[in-house]
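For reference, the structure discussed in these notes is given below.
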Amino acid sequence: MRGDTTDIGRRNALGRIATAAAMAGAAPLLASAATTGPRVGAPAIGRGRLRQSLSRWTSRAPLPELCTRLKALGFAGVDLLYADEWSVVTDHGLAVSMGYPARRDNFIEMGFNDPANHAVLIREIETTIPLAKRAGVTNIITMFGNRKDGIDDQRAIDNCIAGLGKIAPYAAENGITLCLELLNSKVDHHGYQGDRTAFGVAVTKGLGSPSVKLLYDIYHMQIMEGDVIRTIRDNIQWIGHFHTGGVPGRHDIDGTQELNYHAVARAIADLNYQGFIAHEFSPSRPNPFDSFAEAYRICTV
């Protein structure tokens, strides 16, 4: 998910993304490619063992241009897209590695930890599942939600199991995985309840459904827990998706930050992980596509 106030941020980017999507058809596809990014015809780095994608909100480029340039770099998909954007990505031969079930400003805060939210969340997911199936989108994001008075961790876990248990069978019937995102509550998302791997595992293990997995955001869990590689190894059966981001600040995942992402990526690949690892950081280089290309190279193992 998005990082601190220096990040572009998902919520602040929603209006920009919607506008960019609407204007995409009118934008020249690669008008600035020669001066602002890698040449479209340039050979891509080998794909390696991991499928990599990029979160939509990290780039200001119109979506068609973004798809063309990411494909040239070797990326296999685009992450965190709304249903009206899916066809743009698939028409470019890329996968939608994670889809949203709704557009809401309170998407993070409103989660399955509170039974009062279940009816709305289930309705949104029920509506999105057939759209996702038709579009070939297999992952839908959802949230644990912010803490509420009177709902301690154990009750929140039970609430999540109860609510998701009502929609998980429908997701399974349609080949869709619901991905619950782990976020840090220390820096970026104060009050978020699903801020520890153990909390998320308790929910997914309690459900016992292959159609409900964790979105393990490496940036967020490095802030909350550290010990990333061992945690991933111990819990890979409950993880359906990964996000990256440099710590601190959620910028590039290169040598300017504290994690060795090449080692993390290799550990994930060694587990025979078949899902996506999606880059989700605010690029700090003058040309953001240089940041994206470097992230792809680092995680190619």
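In region 161-208, which residue that is within 22 Å of Thr128 (Cβ to Cβ) and among the hydroxyl-bearing types (Ser, Thr, Tyr) is farthest from the chain's Cα centre (by Cα)? It comes out as Tyr170.
Name the single residue that is surrounded by the fewest Cβ atoms within 10 Å (Cβ to Cβ) among those in region 147-178 being on the phi < 0 side of the Ramachandran plot and touching a Ser or Thr at 6+ places or on another chain (Cβ under 7 Å). The extreme case among them is Ala172. Go through the residues of region 74-95 one by one and say whether even a single one is surrounded by 22 or more Cβ atoms within 10 Å (Cβ to Cβ), in contact with a strand residue (DSSP E or B) (Cβ under 9 Å, 6 or more places away or on another chain) and farther than 30 Å from Pro288 by Cβ. No: zero hits. Screening region 205-298 for helices (runs of 4 or more DSSP H) wholly inside it with 3 or more residues that are crowded, with 22+ Cβ neighbours inside 10 Å returns the ranges 218-224, 261-270, 288-298.
Bear in mind these aren't lab numbers, they're just calculated from the coordinates by the rules spelled out. Everything numeric in this text was worked out from a predicted model, so none of it was measured. Counting neighbours? That spans all protein chains shown, and the Cβs are built from the backbone with ideal geometry, glycine included.
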